[in-house]
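Reading through the structure tokens given below for one structure.
The values are calculated or read from the model by the stated rules, or taken from the named source; none is laboratory data. Keep in mind it's a predicted model, so treat the numbers as computed, not measured. For neighbour counting, all protein chains shown are included, and Cβ atoms are generated from backbone atoms with ideal geometry for every residue, glycine included. Just so you know, the surface numbers come from the protein's heavy atoms only, side chains and all, with ligands and any DNA or RNA stripped out. Shrake-Rupley method; radii C 1.70, N 1.55, O 1.52, S 1.80 Å.
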Amino acid sequence: LLDEPLSNLDAKLRASMRTELIKLHQRLGTTFVYVTHDQTEAMTMGDRIVVMKDGVIQQVDTPQNLYDSPCNVFVAGFIGSPQMNFIDGKLLKDDKGYLADIGGEKLRIQPDKVNAEMAAYVDKPVRLGIRPEDIRDDEAFLAEHPESIISAVVEVSELMGSEVYLYLDYKGTRMTARVAANTQSKTGNEVKVGVDTRKIHLFDPETEAAIMN
């Protein structure tokens with residue numbers, strides 16, 4: 001049982017100790033129960049993760065399944081860095097399928113993501129989730145996906161070396177995009193970004209339970 005063993009270490013030592021603990025676990029071949037508030041530690045070290053909120057288990061799954069198919073808003077926001085963006089909108093349906101209306105912009109839901117549960121939410125409020133890495137501003141993506149483009153204002157641009165974090169204002173909603181280092185988007189610009197609709201999540205705004213992953 002390890003209860004936040006790395007919490008008082010500096011970032012460099014914490015990274016190296018994560019590696020040492022992973023090697024120790026592999027060498028001993030026994031069960032480790034590891035408690036942490038750091039989702040990076042949980043994702044990189046865990047075979048299975050138990051996500052808890054206020055002492056209540058929310059979801060038990062592999063790191064990849066927690067990332068791809070969170071059961072509710074809390075799990076979706078906890079797993080992943082920077083955390084998932086959430087935008088309130090409405091679910092619509094036309095003769096081609098489902099759309100998510102977010103502030104007047106309509107994003108087409110991919111047919112292979114549609115499930116039976118969505119029918120009960122047509123013309124009702126939903127909360128859309130999209131991860132920062134699934135918001136793109138490169139010309140190739142925008143050209144290929146004209147139906148998934150929204151306009152937003154860049155409030156802050158953070159160069160991280162290999163990538164750039166764009167902090168966007170989309171009609172009053174704060175969003176984060178994780179884009180390539182060669183981006184042309186600068187602080188203060190109004191930019192067009194594309195949402196990868198294959199990676200959209202939908203949640204019930206009242207219960208916060210997942211409707212679609």
Please go through segment 1-51 and pick out each residue that is closer than 24 Å to residue 69 by Cα and of a type outside the set (A, V, I, L, M, F, W, C). 34, 36, 37, 38, 39, 40, 41, 44, 46, 47, 48
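Only one residue in 83, 58 is touching a Cys at 6+ places or on another chain (Cβ under 9 Å) and open to solvent by 50 Å² or more (accessible area, probe 1.4 Å). Which one? Please lay out each step first, then the result.
On the way: 83 fails: touching a Cys at 6+ places or on another chain (Cβ under 9 Å).
Being touching a Cys at 6+ places or on another chain (Cβ under 9 Å) and open to solvent by 50 Å² or more (accessible area, probe 1.4 Å) holds for just one of 83, 58, which is 58.
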Check whether at least one residue in segment 85-102 is without any contact (Cβ under 8 Å) to a residue 60 or more places away in the chain, in a loop (DSSP other than H, G, I, E, B) and over 19 Å from the mean Cα position of the chain (by Cα), and report yes or no. yes
What strands (runs of 3 or more DSSP E) completely inside segment 130-213 contain at least 2 residues that are more than 17 Å from residue 80 (Cα to Cα) and either open to solvent by 10 Å² or more (accessible area, probe 1.4 Å) or in contact with a Cys (Cβ under 6 Å, 6 or more places away or on another chain) (or both)? 149-159, 173-180, 190-195
Residue pairs, Cβ under 9 Å, 6 or more apart or interchain, first in segment 40-56 and under 16 Å from residue 21 (Cα atoms), second open to solvent by 80 Å² or more (accessible area, probe 1.4 Å). List them. 43/64
Exactly one of these conditions fails for residue 184: (1) more than 26 Å from residue 66 (Cβ to Cβ); (2) within 20 Å of the chain's Cα centre (by Cα). Give me its number. (2)
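Yes/no matrix, rows are residues, columns are (1) in contact with a Lys or Arg (Cβ under 8 Å, 6 or more places away or on another chain); (2) within 30 Å of residue 159 (Cα to Cα); (3) not aromatic (Phe, Trp, Tyr):
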site: 43; (1), (2), (3): no, yes, yes
site: 51; (1), (2), (3): no, no, yes
site: 68; (1), (2), (3): no, yes, yes
site: 72; (1), (2), (3): no, no, yes
site: 78; (1), (2), (3): no, yes, no
site: 89; (1), (2), (3): yes, no, yes
site: 95; (1), (2), (3): no, no, yes
Check on residue 31, more than 18 Å from residue 211 (Cβ to Cβ) and touching a Gly at 6+ places or on another chain (Cβ under 9 Å): no
